[in-house]
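The values are calculated or read from the model by the stated rules, or taken from the named source; none is laboratory data. Only a predicted model underlies this, so the values are computations on that prediction, with no experimental measurement involved. Glycine gets a Cβ as well: all are built from the backbone with ideal geometry, and neighbour counts include every protein chain shown. Calculation scope for accessible area: heavy atoms of the full protein, side chains included, ligands and nucleic acids excluded. Shrake-Rupley method; radii C 1.70, N 1.55, O 1.52, S 1.80 Å.
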Amino acid sequence: MEQMKQRVGQKFEALYGAGATFYASPGRINLIGEHTDYNAGFVFPGAVDKGVVVAIRPSEGDVCRLFALDLDEECTFALKEEEKPAPSWAHYVFGVAREMQKRGATIGAFDAVFSGNVPLGAGMSSSAALESAFAFALNELNACGFDRFELARIGQSTEHNYCGVKCGIMDQFASVFGKKGCLMRLDCRSMEFAYYPFDPQEYKLVLLDTRVKHQLTGSPYNDRRLSCERVAKVLGRDFLRGATMEELEALRPSISEEDFKRARYVIGEEQRVMAVCEALERGDYERVGRTMYETHWGLSRDYEVSCEELDFLAGVAAECGVAGSRMMGGGFGGCTINLVKESLYADFVATAKRRFAERYGHEPQVYEVAISDGSRRL
């Protein structure tokens, strides 16, 4: 972050002069709890040591000047709905300011430069990091008084209303509430959350990015969501949250095999999140890892959102003695997240890169991550 801060600060001074304040927000990983948010279940994210850094200063007049350092592009706009900027990257910042205004805040014009090092397309939520950095900065600079939960909701509303993505709240929540050395269990029904210590002394977290994204016909995410809703309705529930395997088995003759498999994964995943919480409290990282494998193969075989490349990497991880590995994110490509003993790390990464390249013609991208703090002033 320090290197980014220097680069952003130098560009700000060259463009707009002195007097900037610096803010940062991170990307995130999700250790376990995949496709559970829209089932009112639990997710288990953590902020990472990659994110977005913003240099910002209030300005006179009513025009904002915004420079994206990584794109080498500038954009100007007023904070009025009809002044929505043309570049899609600016929608994340404009949307945050407008969502704050809709909630009654007075947001003054500003000059800002930003840069990020969250890998794009790796499922680490670079957009949430950008939204959260500006939400935190504008909240403080304009003395709006929004609490951190409202800042996360502002980022989520920005995605919905200005970026066309009907996301849940996990990404913005993790970016805003992140805490070094801790993961967070978020209840997507009640919005209650708790920090769990995650400071493995002999293990590393590493993401292996397949660098593929399979385009599927139809609406694969919507189809799975509808499966869950159908089963919940037959169970007399609003969501699958809280349903048991016994209840599901009793329904099996009356629902499709596809709906049964989707629900079996979701109900099992709720149990796996709880198992990981207990394991972390005991410092049992091997149990955490075994549960990650269970999640991966549940996502692959029951929820059917994995792909050949992700399954291959999870298999290589198991063969190399890696404690835990699973696909992370929506699926059909992207990353595996791996919990690796330090003594096995170098051999695993080298083996995975070599064997993946032999089969698929290119190496996976490797991202080592550490659990870090959330939105803050630098």
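For the chain, taking Cα atoms only, what is the radius of gyration to one decimal and the Dmax to the nearest whole Å?
Every Cα atom of the chain included, Rg and Dmax give 21.4, 70 Å.
Indicate the gyration tensor shape class of segment 255-378 (rounded, prolate or oblate), computed on the Cα atoms with a ≥ b ≥ c the square roots of the eigenvalues: a/c under 1.5 is rounded; otherwise a/b larger than b/c is prolate and the rest oblate.
Working: a/c = 1.59, a/b = 1.12, b/c = 1.42.
Note, shape of segment 255-378 comes out oblate.
Using only Cα atoms, find the angle between the long axis of helix 342-360 and the longest principal axis of the chain, and express it within 0 to 90 degrees, rounded to the nearest 10.
Here the helix axis deviates by roughly 90 degrees.
Using the alpha-carbon atoms, what tilt in degrees (0 to 90, nearest 10) does helix 2-16 show relative to the longest principal axis of the chain?
Value to nearest ten degrees: 30.
Going out from 0 in 5 Å bins, what whole percent of all Cα-Cα distances in segment 67-137 drops into each bin?
Per 5 Å bin, starting at zero, the Cα-Cα P(r) for segment 67-137 comes out as 3, 14, 28, 27, 17, 8, 3, 0 percent.
Using +1 on the beta carbon of Lys and Arg, -1 on that of Asp and Glu, and nothing else charged, what's the dipole of the chain about the Cα centre, debye to 20?
160
Quick one: if you take sqrt(5λ) for each eigenvalue of the C-alpha gyration tensor of segment 224-311, what semi-axes come out, biggest first, whole angstrom?
Semi-axis lengths for segment 224-311 are 25, 17, 9 Å.
Calculate the translational D of segment 1-68 in whole µm² s⁻¹ from Stokes-Einstein, where the hydrodynamic radius comes from the Kirkwood formula applied to all Cα pairs, the temperature is 25 °C and the viscosity 0.890 mPa s. Display every interim value, and only then the final one.
Working: Rh = 14.6 Å.
The calculation lands on 168 µm²/s.
For the chain, what % of the accessible area comes from carbon and sulfur atoms, probe 1.4 Å?
Carbon and sulfur atoms account for 46 percent of the accessible area of the chain.
So which residue, out of L226, L31, L71, gets the largest mean-square fluctuation from a GNM of the chain using Cα contacts under 10 Å as springs?
L71
How long is segment 1-150 along each principal axis, judged by its Cα atoms, biggest number first, in Å?
For segment 1-150, the Cα spread along each principal axis is 46, 36, 28 Å.
Defining a contact as two alpha carbons under 8 Å apart and six or more residues distant in sequence, what relative contact order in percent does segment 317-357 show?
Across segment 317-357, relative contact order equals 37 percent.
Spelling out what I want: for every residue of segment 105-113, take phi, set θ = phi - 60°, compute 6.51 cos²θ - 1.76 cosθ + 1.60 (Karplus), and round to whole Hz; glycine and proline get x.
Whole-Hz 3J(HN,Hα) from phi for segment 105-113: 7, 9, 10, x, 5, 8, 10, 8, 10.
What number comes out for accessible area per residue over the chain if the probe is 1.4 Å? Units Å², please.
Accessible area per residue, the chain: 42 Å².
From the phi of every residue in segment 34-45, what ³J(HN,Hα) in whole Hz does the Karplus formula 6.51 cos²θ - 1.76 cosθ + 1.60 yield, where θ is phi - 60° and glycine or proline is x?
9, 6, 9, 4, 7, 9, 6, x, 10, 10, 9, x
May I ask you to list the aspartates and glutamates whose Cα is less than 16 Å away from that of K166, ignoring any residue fewer than eight positions away on the same chain?
D37, E99, E131, D223
Per residue, how big is the convex hull of segment 138-184 when only Cα atoms are used? Give it in Å³.
With only Cα atoms used, segment 138-184 gives 84 Å³ per residue.
Counting DSSP beta bridges in the chain, what percent are antiparallel, to the nearest 5?
95
Note down the magnitude of the dipole of segment 165-260 about its Cα centre, charges +1 on Lys and Arg C-beta and -1 on Asp and Glu C-beta and zero elsewhere, to the nearest 20 debye.
400
Rounded to the nearest 20 debye, what is the charge dipole size of segment 230-378 about its Cα centre when +1 sits on each Lys and Arg Cβ and -1 on each Asp and Glu Cβ?
280
Under 5 Å between amide H atoms, partner at least 5 residues away or on a different chain: which partners does F110 have, H built in plane at 1.01 Å?
Under 5 Å from the amide H of F110 lie the amide H atoms of S59, C64, R65, each far enough along the sequence or on another chain.
Give the lysines whose C-alpha is closer than 18 Å to that of K5, dropping any in the same chain fewer than 8 places away, or say none.
Within the straight-line limit of under 18 Å, K5 reaches these lysines: K50.
Where in the chain lies the longest segment free of GluC sites (Glu not before Pro) that are both loop residues by DSSP (not H, G, I, E, B) and have at most 14 other Cβ atoms within 10 Å?
So the longest stretch without any such site is 203-378.
If you line up the long axis of helix 308-319 against the longest principal axis of the chain, both from Cα atoms, how many degrees apart are they, to the nearest 10?
70
Using only alpha-carbon positions, what ratio does the radius of gyration of segment 57-108 give when scaled by 2.2 N^0.38 Å?
Working: Rg = 11.0 Å, N = 52, 2.2 N^0.38 = 9.9 Å.
Against the empirical 2.2 N^0.38 Å value, I get 1.11 for segment 57-108.
Go through L120, L251 and list them by solvent-accessible area, largest first, probe radius 1.4 Å. Walk me through the numbers on the way to the answer.
Numbers: L120 140, L251 25 Å².
So the residues, ranked largest to smallest area, are L120, L251.
Considering only the other residues whose Cβ falls under 13 Å of the Cβ of A55, what net charge follows from Lys and Arg at +1 and Asp and Glu at -1?
Cβ neighbours under 13 Å give a net charge of +4.
Normalised by the residues of the chain, what does the relative contact order come to in percent, with Cα pairs under 8 Å and at least six apart?
Once divided by the residue count of the chain, the mean separation gives 23 percent.
Please give the net charge around F134, taking every other residue with its beta carbon less than 12 angstrom from that of F134, where Lys and Arg add +1 and Asp and Glu add -1.
Details: positive: R98; negative: E99, E131, E140.
Neighbour charge sum, excluding F134 itself: -2.
How large is the accessible surface of I29 in square angstrom, using a 1.4 angstrom probe and rounding to the nearest 10?
Here the accessible area works out near 0 Å².
Pull out a ≥ b ≥ c, the square roots of the eigenvalues of the alpha-carbon gyration tensor of segment 166-221, then state rounded if a/c is under 1.5, prolate if not and a/b is larger than b/c, and oblate in the remaining case.
Oblate shape, in that a/c is at least 1.5 and b/c is the bigger or equal ratio.
For K261, which lysines qualify as cross-link partners when the Cα separation must be under 21 Å and same-chain residues fewer than eight apart are set aside?
Candidates past the 8-residue exclusion: K233.
log10 I(q)/I(0), Debye, Cα-only segment 115-169, no solvent, q = 0.15, 0.16, 0.20, 0.28 Å⁻¹?
Here log10 of I(q) over I(0) equals -0.44, -0.50, -0.75, -1.15.
Just reorder T76, T351 by solvent-accessible area, largest first, 1.4 Å probe, all chains present.
So the residues, ranked largest to smallest area, are T76, T351.
Give me the net charge for the shell around L207: Cβ to Cβ below 12 angstrom, other residues only, Lys and Arg +1, Asp and Glu -1.
+3
Output wanted: per-residue J couplings in Hz (rounded whole) for segment 295-305, from phi through Karplus 6.51 cos²θ - 1.76 cosθ + 1.60, θ = phi - 60°, x for Gly and Pro.
Rounded to whole hertz, the list is 5, 4, 6, x, 5, 6, 8, 9, 8, 6, 10.
What ranking of H362, H214, H91, H296 comes out by heavy-atom accessible area, probe 1.4 Å, highest first?
Greatest to least solvent exposure: H214, H362, H91, H296.
Ignoring everything but the protein chains, give the 1.4 Å probe accessible area of R224 in square angstrom, nearest 10.
For R224, solvent-accessible area is about 30 Å².
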